[in-house]
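There's a structure below that I have some questions on.
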Amino acid sequence: MSTPRHLSAALALFFLSTAALAETPDLGRPAEPEEIAVWDISIGPDGAGLPPGNGTPQQGETVYTAKCLPCHGEKGSGKPNDQLVGGLGTLTGDQTAVKTVGSFWPYATTLFDYVRRAMPFNAPRSLSNDEVYAVCAYILQLNGIIAESTVMNAQTLAKVQMPNRDGFVPFSRQK
Amino acid sequence: MGRKRSAGDAPELAAGNGLLDRRALLAAGACLAGAGTIPARPAFGAAELSVEPWMTEPGAPFVGYGQPSKFEAKVVRTFASAPGTTGTGASRTPLQRLNGTITPNGLHFERHHSGIPDIDPDLHRLLIHGLVKRPLVFTLEALARYPMETRVSFIECGGNTGALYQKEPAQLDLQASHGLLSCAEWTGVRLALLLEEAGVEPQAQWLLAEGADAAGMSRSVPMKAVDEALVALYQNGERVRPSNGYPLRLLLPGYEGNMNVKWLRRIKVTAGPTMTKDETSKYTILLPSGKSLQFVFPIETKSVITHPSPGLNMKGAGLYEISGLAWSGYGKITQVDVSADGGKSWAPTALQEPVLPKALTRFRMPWRWDGGSAVLQSRATDGSGYVQPTRAALIAERGTKTFYHFNGITSWAIGERGEVRHVYA
């Protein structure tokens, strides 16, 4: 026992901690690209993940009238649920802010992501990609962000400039 | 302060309008006797001490899962759903009817975006993919074999106390104004361990966490949150309740509730934030300038008096314990001061041990109410020295166009009949 006790304790601790790092349960199974593709429905703000397909505002109006209007009102006017259209100019001053897709949402990709994953409320994941593109096109067109003739697809949707795109500042606790 | 009290001494006043030294209650018998404040008690006569029926026959049989006394039927969550839905909205914890710091599982607040999914744990999977070397799928059975950690953590909705931004003080009870706040002991697997097995690529700065509910609730989480993140399987010792994410949820201690994704099914490691619906159109703080503060993650230091509070009225002059909760998403609560004169004078309260970081902290303060009007306030300080601001200071900075992340001081006015009202002071 020539090693001082505190040193051997330190060495033991060292080996313990490196062993703990090296040996983890490792009970996950490798995920295959095809199965990841089925689950990975999130769309990045650069459009990464947008699927093939397309839709026009006119096609979107048909889908909207059948599946969205009962909750979101005529032309996205809201009631009983969220208003989707209008509200431009209400973000400043003392008035009540009307935060809609048109007045507030910074990215059109978020609209595609959310509609595809969560809408219509009673049947999420039931719309085809074409229908999602079409509904997005309709809501964007009602907000005056795209023209009636604009087709939404993976390329065009990612390029849409939303009115409030620069309206956000990352929070920091130190001002 | 260090002098020894004898039985005849009155407790020392610590601040205006009857606030006593926080240690006075420890020697309550002596103080009360000395101060002569023991109220006259109504005479019940012999009937109060009669032999009750439950002493003259055997009690109820065993049950598999216990329930509270039927006499506690008022201690329930209150809830409201979005139009046309039954499970989409929020339920609130009855903070004014609880004590201590841990929220019973059946009373933990809820916020659901498309109801509560009925998940078969044998079919549930957790996928970790994106910027990793080895994308992995975990079963519950596999996760149950991992080393686990336990920590007490509050969860508060980023929209809790949003009504306090309103221009007039909302006349709500504590459950309605502050009830999107709960605290539990959570047990689970460190997310860092699972990410280590998957092998995070150097350019990864964010995660996307996604739930298995019908809204596919998803939030971007900065990589620094992983340090304390748990994939939680247990809540107060039992499996996480369906309403809180069964079979597993993400726990990010101190971060706004919405990020603690329930029914966690997918973690995608990314370079930047995904800009989901909830981190853009919701949970951002719209300022009077029209700009919005985004990625407001930890809950800022905050406190509220739970006893008394609106609906819990005072019953005659005398000695009371003021009690409440303080919490900070940035760490430990180090001090809570209370005022009984609307902020003119303050005195420090006693903090109930153990004081844990990012957990609810119970504070207590003896108060001799003289039966006159008073305005009670509490003010928390955290380990960084940050002091909870007045409502006026917070509004001056943020305006009233938002309802997220309000953490200003809350004021309860006591009227001469003992009624408690929410006021701005």
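The values are calculated or read from the model by the stated rules, or taken from the named source; none is laboratory data. All of these numbers come straight from a predicted model, not from anything done at the bench. As a convention, Cβ positions derive from the backbone with ideal geometry for all residues, glycine included, and neighbour counts pool all protein chains shown.
Being more than 11 Å from every other protein chain (Cβ to nearest Cβ) and within 15 Å of residue B:248 (Cβ to Cβ) narrows it down to one residue among B:188, B:162; which is it? First the steps, then the outcome.
Details: B:162 fails: within 15 Å of residue B:248 (Cβ to Cβ).
Going through B:188, B:162 in turn, just one is more than 11 Å from every other protein chain (Cβ to nearest Cβ) and within 15 Å of residue B:248 (Cβ to Cβ): B:188.
Given the options B:409, B:333, B:414, name the one that is in contact with a helix residue (DSSP H, G or I) (Cβ under 8 Å, 6 or more places away or on another chain), buried (at least 18 other Cβ atoms within 10 Å of the Cβ) and either touching a residue at least 24 places away in the same chain (Cβ under 8 Å) or not aliphatic (A, V, I, L, M) (or both). Full working, then the answer.
Details: B:333 fails: in contact with a helix residue (DSSP H, G or I) (Cβ under 8 Å, 6 or more places away or on another chain); B:414 fails: in contact with a helix residue (DSSP H, G or I) (Cβ under 8 Å, 6 or more places away or on another chain).
So the residue among B:409, B:333, B:414 that is in contact with a helix residue (DSSP H, G or I) (Cβ under 8 Å, 6 or more places away or on another chain), buried (at least 18 other Cβ atoms within 10 Å of the Cβ) and either touching a residue at least 24 places away in the same chain (Cβ under 8 Å) or not aliphatic (A, V, I, L, M) (or both) is B:409.
Residue under question is residue B:114, and the condition is that it be out of contact with any helix residue (DSSP H, G or I) (no Cβ under 7 Å at 6 or more places or on another chain), within 14 Å of chain A (Cβ to nearest Cβ) and among the polar types (S, T, N, Q); does it hold? Show your work before the answer.
Working: out of contact with any helix residue (DSSP H, G or I) (no Cβ under 7 Å at 6 or more places or on another chain): no; within 14 Å of chain A (Cβ to nearest Cβ): yes; among the polar types (S, T, N, Q): yes.
It is false that residue B:114 is out of contact with any helix residue (DSSP H, G or I) (no Cβ under 7 Å at 6 or more places or on another chain), within 14 Å of chain A (Cβ to nearest Cβ) and among the polar types (S, T, N, Q).
When the range B:176-224 is examined, which residues are found to be outside any helix (DSSP H, G or I), over 23 Å from residue B:118 (Cα atoms) and hydroxyl-bearing (Ser, Thr, Tyr)?
Scanning the range B:176-224 gives a single hit, B:220.
Just a yes or no: is a residue in the range B:262-274 out of contact with any His (no Cβ under 7 Å at 6 or more places or on another chain) and closer than 23 Å to residue B:356 by Cβ?
Looking through the range B:262-274, at least one residue is out of contact with any His (no Cβ under 7 Å at 6 or more places or on another chain) and closer than 23 Å to residue B:356 by Cβ.
Give me a count of the residues in the range B:49-69 that are surrounded by fewer than 10 Cβ atoms within 10 Å (Cβ to Cβ), modelled with pLDDT of 95 or more and in a loop (DSSP other than H, G, I, E, B).
Final tally of qualifying residues: 13.
Which one is nearest to residue A:41 (Cα to Cα) among residues in the range B:123-156 that are within 13 Å of chain A (Cβ to nearest Cβ) and among the β-branched types (Val, Ile, Thr)?
Here is the first cut: in the range B:123-156, the residues within 13 Å of chain A (Cβ to nearest Cβ) are B:124-148.
Then drop every residue that is not among the β-branched types (Val, Ile, Thr), which leaves B:128, B:132, B:137, B:139.
Values: B:128: 14, B:132: 18, B:137: 16, B:139: 20 Å.
Once the filter is applied, the top-ranked residue is B:128.
In contact (Cβ under 8 Å) with a residue 12 or more places away in the chain, within 13 Å of another protein chain (Cβ to nearest Cβ) and either within 23 Å of residue B:238 (Cα to Cα) or surrounded by 19 or more Cβ atoms within 10 Å (Cβ to Cβ) (or both): does that describe residue B:98?
Values: in contact (Cβ under 8 Å) with a residue 12 or more places away in the chain: yes; within 13 Å of another protein chain (Cβ to nearest Cβ): no; either within 23 Å of residue B:238 (Cα to Cα) or surrounded by 19 or more Cβ atoms within 10 Å (Cβ to Cβ) (or both): yes.
So residue B:98 fails the test.
Next question, about the same structure. In this structure, is residue A:70 more than 22 Å from the chain's Cα centre (by Cα) and more than 26 Å from residue A:149 (Cα to Cα)? Step through it out loud before you land on a result.
Values: more than 22 Å from the chain's Cα centre (by Cα): yes; more than 26 Å from residue A:149 (Cα to Cα): no.
Answer is no for this residue.
Of these, B:210, B:168, B:201, which one is within 11 Å of another protein chain (Cβ to nearest Cβ) and either under 26 Å from residue B:280 (Cβ atoms) or surrounded by fewer than 20 Cβ atoms within 10 Å (Cβ to Cβ) (or both)?
B:210
Given the structure, is residue A:50 within 26 Å of residue B:272 (Cβ to Cβ), more than 21 Å from the chain's Cα centre (by Cα) and at pLDDT 95 or above?
Details: within 26 Å of residue B:272 (Cβ to Cβ): yes; more than 21 Å from the chain's Cα centre (by Cα): no; at pLDDT 95 or above: yes.
No, not satisfied.
Among helices (runs of 4 or more DSSP H) lying entirely in the range A:14-128, which contain 2 or more residues that are within 11 Å of another protein chain (Cβ to nearest Cβ) and in contact (Cβ under 8 Å) with a residue 40 or more places away in the chain?
Numbers: elements: A:33-39, A:57-67, A:69-72, A:108-118.
Result: A:108-118.
Let me ask another. For the range B:103-139, which residues satisfy the criterion of being among the aliphatic types (A, V, I, L, M) and surrounded by 16 or more Cβ atoms within 10 Å (Cβ to Cβ)?
Going residue by residue through the range B:103-139, those that are among the aliphatic types (A, V, I, L, M) are B:107, B:116, B:119, B:123, B:126-128, B:131-132, B:136-137.
Those that are among the aliphatic types (A, V, I, L, M) and surrounded by 16 or more Cβ atoms within 10 Å (Cβ to Cβ): B:107, B:116, B:119, B:126, B:127, B:128, B:131, B:132, B:136, B:137.
If I ask for residues that are under 24 Å from residue B:247 (Cβ atoms) and either basic (Lys, Arg) or within 7 Å of chain A (Cβ to nearest Cβ) (or both), which ones from the range B:275-291 would you list?
Scanning the range B:275-291 gives a single hit, B:276.
Looking at B:84, B:89, which one is farther than 27 Å from residue B:323 by Cα, within 14 Å of chain A (Cβ to nearest Cβ), without any contact (Cβ under 8 Å) to a residue 12 or more places away in the chain and out of contact with any Gly (no Cβ under 7 Å at 6 or more places or on another chain)?
Working: B:89 fails: without any contact (Cβ under 8 Å) to a residue 12 or more places away in the chain.
After applying the criteria, what remains is B:84.
Another one. Give the number of residues within the range B:211-257 that are touching a residue at least 12 places away in the same chain (Cβ under 8 Å), under 13 Å from residue B:191 (Cα atoms) and among the charged types (D, E, K, R).
3
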